[in-house]
């Protein structure tokens with residue numbers, strides 16, 4: 001059988017959320033014989049491995065079971081190994097999708113054979129079950145959404161009485177997209193909208209950081225991309241393996257597209273406290289692999305306020321650096337090299353739990369040195385021109401730390 005798409009879902013102890021995701025994938029505008037779904041069960045201790053025996057689906061469902069924990073990127077790579085579709089679509093196990101989801105990805109790849117498509121910037125969140133592991137903030141938020149809706153009161157009362165996890169929606173509810181009634185906007189959606197999508201559009205035209213949309217909560221790329229450029233880096237812990245792939249493809253000339261419709265919904269679940277530290281470690285691994293300004297500029301967002309930059313400001317720093325280098329035939333390469341080194345030093349210090357400081361000295365330009373004098377002369381020259389305001393601002397903030 002020839003599949004146009006393979007949908008790959010890594011899952012570890014995400015039952016029943018992954019089951020609801022599988023229900024959502026039943027109602028697609030693309031015929032079910034044109035796509036397959038691959039669940040990679042990453043040593044789950046719940047009921048995930050029993051889903052194929054307990055339920056039937058209109059599409060081909062394959063479940064790959066690993067007895068040892070692989071981690072999410074390795075689990076995705078296992079799915080890639082057996083996928084038969086021309087286009088590989090990656091979903092987190094707990095993401096709900098509307099009827100046009102598969103079609104929206106396939107349509108873009110029909111238009112462009114060297115594309116990465118993603119819909120994470122406008123991803124919503126929704127409560128589909130109640131879990132004892134929820135944080136106090138999640139419990140309060142869930143209550144605010146459930147209180148006006150009597151149909152969920154019995155589940156809420158059972159949950160508050162210590163009755164364990166409570167599922168809020170049935171298969172039919174998922175088909176009807178009833179989970180939208182318990183949905184809300186993610187905190188970063190307005191930022192992404194204002195800083196990226198409203199400025200550069202859904203095709204991210206002219207944006208120097210398009211790879212930032214490369215999150216596997218909702219991402220697709222042709223299978224040939226993995227054959228030509230390798231699979232996911234198998235980082236331990238959470239995060240940045242998907243963005244590393246996006247950056248790698250960006251360097252190979254791939255284009256990027258954001259999918260706004262249909263919207264996708266992340267099902268709320270407990271979050272391990274180790275996630276933030278794991279992401280910080282993997283971000284540092286990513287930095288050390290490339291050590292290029294086009295990546296390191298992202299560290300401007302991680303400086304403490306009021307020194308931090310926005311996505312658009314980081315884009316402008318890159319844009320001005322590229323234009324300055326092109327127009328000056330390499331005259332300002334020493335100054336731009338110091339910028340890159342200061343950012344790399346900031347990444348190193350953040351990775352080791354330290355506040356970025358004395359960055360110019362870390363970059364080989366301590367006060368009073370000939371290197372610092374040359375750097376300051378070049379910085380003064382571009383500031384005097386008035387043509388490179390954001391680059392000048394970045395240099396000023398970094399050297400002041």
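For this structure, a couple of remarks:
- Within the option set 296, 300, 318, being outside the structural domain of residue 119 (by TED's automatic domain parsing) and over 19 Å from the mean Cα position of the chain (by Cα) holds for one residue only, 318.
- Unique residue being crowded, with 19+ Cβ neighbours inside 10 Å and in the same structural domain as residue 104 (by TED's automatic domain parsing) when the list is 225, 205, 194, 190: 225
- Strands (runs of 3 or more DSSP E) (entirely within region 1-99) containing at least 2 residues that are within 25 Å of residue 127 (Cβ to Cβ): 5-11, 35-42, 87-91
- For region 351-389, residues that are under 19 Å from residue 280 (Cβ atoms) and in a helix (DSSP H, G or I) total 3.
- Here residue 206 meets the list (1) in contact with a strand residue (DSSP E or B) (Cβ under 9 Å, 6 or more places away or on another chain); (2) part of a loop (DSSP other than H, G, I, E, B) almost entirely, failing just condition (1).
- The set of residues in region 321-345 that are crowded, with 17+ Cβ neighbours inside 10 Å and either in a helix (DSSP H, G or I) or not assigned by TED's automatic domain parsing to the domain that holds residue 358 (or both) comprises 321, 324, 335, 336, 338, 339, 340, 341, 342, 343, 344, 345.
- In region 356-379, residue farthest from residue 392 (Cα to Cα) [restricted to those that are loosely packed, with under 15 Cβ neighbours inside 10 Å and touching a helix residue (DSSP H, G or I) at 6+ places or on another chain (Cβ under 7 Å)]: 366
- Some residue of region 322-332 being under 26 Å from the mean Cα position of the chain (by Cα) and at pLDDT 95 or above: yes
- Just so you know, in region 110-145 the residues that are outside any strand (DSSP E or B) and within 20 Å of the chain's Cα centre (by Cα) include one that is nearest to residue 217 (Cα to Cα), and it is 120.
- If only residues of region 15-43 that are out of contact with any strand residue (DSSP E or B) (no Cβ under 9 Å at 6 or more places or on another chain) and touching a residue at least 60 places away in the same chain (Cβ under 8 Å) are counted, the one that is surrounded by the most Cβ atoms within 10 Å (Cβ to Cβ) is 27.
- Scan region 298-309 for residues that are more than 16 Å from residue 246 (Cα to Cα) and buried (at least 17 other Cβ atoms within 10 Å of the Cβ) and the total you get is 4.
- In the set (1) outside any loop (DSSP other than H, G, I, E, B); (2) at pLDDT 95 or above, the condition left unmet by residue 348 is number (2).
- Selected residue (only one of 215, 266, 258, 315 is in contact (Cβ under 8 Å) with a residue 24 or more places away in the chain, buried (at least 16 other Cβ atoms within 10 Å of the Cβ), out of contact with any helix residue (DSSP H, G or I) (no Cβ under 8 Å at 6 or more places or on another chain) and under 19 Å from residue 7 (Cα atoms)): 266
- Residues of region 263-275 include none that is more than 30 Å from residue 137 (Cα to Cα), in the same structural domain as residue 86 (by TED's automatic domain parsing) and modelled with pLDDT of 95 or more.
- Within the set 155, 117, 142, the sole residue that is assigned by TED's automatic domain parsing to the domain that holds residue 102 and at pLDDT 95 or above turns out to be 117.
- Residue in region 236-251 that is over 30 Å from residue 141 (Cα atoms), part of a loop (DSSP other than H, G, I, E, B) and at pLDDT 95 or above present: no
- Out of 57, 90, sole residue that is exposed (fewer than 15 other Cβ atoms within 10 Å of the Cβ) and in contact with a helix residue (DSSP H, G or I) (Cβ under 8 Å, 6 or more places away or on another chain): 57
- Hey, residue 175 closer than 17 Å to residue 262 by Cβ and surrounded by 12 or more Cβ atoms within 10 Å (Cβ to Cβ) or not: yes
The values are calculated or read from the model by the stated rules, or taken from the named source; none is laboratory data. Bear in mind that the values here come from a model prediction, so they are computed numbers and not experimental data. Ideal geometry is used to build each Cβ from the backbone, glycine not excepted, and the neighbour counts take in all protein chains shown.
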